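Accompanying notes for the structure given below.
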Amino acid sequence: MTAAVFIDRDGTITHDIGYVHKIEDFKLLPNVVKGLRLLRDFKIFIVTNQSGIGKDIFTLKDFFNYNKRVLAELKKYDIAIQKTYYCPHKPQDKCECRKPMPKLINDAAKEFDIDLSRSFMVGDKKIDLEMGRNAGCRSVLVLTGNGNKARKEASPDFIAKDLLEAAKWIIKNDKNKI
């Protein structure tokens, strides 16, 4: 079994302007590339709620096209994302896959033989951190996106200014190296 880092997309990797789905709105946040490069010894996954699909704000095709753009940009820097797991449902649908439920992380763990006790969840919202905790991972709040708001209501294992600082903490606290 291996360790992984599960990362929220909007507000953690890319700018979040609300229901992000247009390729022309794509923009990586500062220090994302540097942070992800440091995490190369981990399997890296994107886990994301995309209720805009369920609310008919954008289509599944829009989501896939935007996400394809994110992955292509990261690939330019030799950063491999194993897979993107997403929930297309509205909050009121009460589905099993919407954060903070751990289904997306648990699905990845089964599919890729991940040891969740050695893994991390990184995000900018309370539900990201709760998802990680519900799956048995350690959690890191980044102060990008909605991080400053979440700081008041969440209790992560670590608070980082961005993905680079989160990556440095993850490497320092990797149970494989302790």
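The values are calculated or read from the model by the stated rules, or taken from the named source; none is laboratory data. Keep in mind it's a predicted model, so treat the numbers as computed, not measured. No Cβ is skipped: glycine too gets one built from the backbone with ideal geometry, and neighbour counts run over all protein chains shown. For the accessible areas, the whole protein counts, side chains as well, though only heavy atoms, and no ligand, DNA or RNA atoms are used. Shrake-Rupley method; radii C 1.70, N 1.55, O 1.52, S 1.80 Å.
Summary of values
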item: Among the candidates THR14, THR2, residue that is farther than 23 Å from LYS149 by Cβ and among the hydroxyl-bearing types (Ser, Thr, Tyr); result: THR2
item: Selection within region 123-163 - in a helix (DSSP H, G or I) and within 14 Å of the chain's Cα centre (by Cα); result: LYS126, ILE127, ASP128, LEU129, GLU130, MET131, GLY132, ARG133, ALA135, GLY147, LEU163
item: Criterion violated by THR84 - all others in (1) open to solvent by less than 20 Å² (accessible area, probe 1.4 Å); (2) part of a strand (DSSP E or B) satisfied; result: (1)
item: Candidates TYR66, TYR77 - the one that is outside any helix (DSSP H, G or I) and touching a residue at least 24 places away in the same chain (Cβ under 8 Å); result: TYR77
item: Counted residues, region 15-47 - those being touching a Gly at 6+ places or on another chain (Cβ under 9 Å) and open to solvent by less than 10 Å² (accessible area, probe 1.4 Å); result: 2
item: Of the criteria (1) of a type in the set (D, E, K, R); (2) surrounded by fewer than 19 Cβ atoms within 10 Å (Cβ to Cβ); (3) under 18 Å from ARG9 (Cα atoms), which one ASP157 fails; result: (3)
item: Matching residues, region 1-43, being of a type in the set (Lys, Arg) and outside any strand (DSSP E or B); result: ARG9, LYS22, LYS27, LYS34, ARG37, ARG40
item: Residues of region 160-178 satisfying the condition of being open to solvent by less than 60 Å² (accessible area, probe 1.4 Å), over 16 Å from ILE13 (Cβ atoms) and at pLDDT 95 or above; result: TRP169, ILE171
item: For GLY54: the one exception among (1) closer than 20 Å to VAL142 by Cβ; (2) touching a Pro at 6+ places or on another chain (Cβ under 7 Å); result: (1)
item: Residues (open to solvent by less than 40 Å² (accessible area, probe 1.4 Å) and without any contact (Cβ under 8 Å) to a residue 60 or more places away in the chain) located in region 144-154; result: ALA150, ALA154
item: Selection count where residues are open to solvent by 30 Å² or more (accessible area, probe 1.4 Å) and part of a helix (DSSP H, G or I), scope region 98-122; result: 8
item: Hits in region 59-78 (condition: crowded, with 17+ Cβ neighbours inside 10 Å and within 22 Å of ASP128 (Cα to Cα)); result: PHE63, TYR66, ASN67, VAL70, LEU74
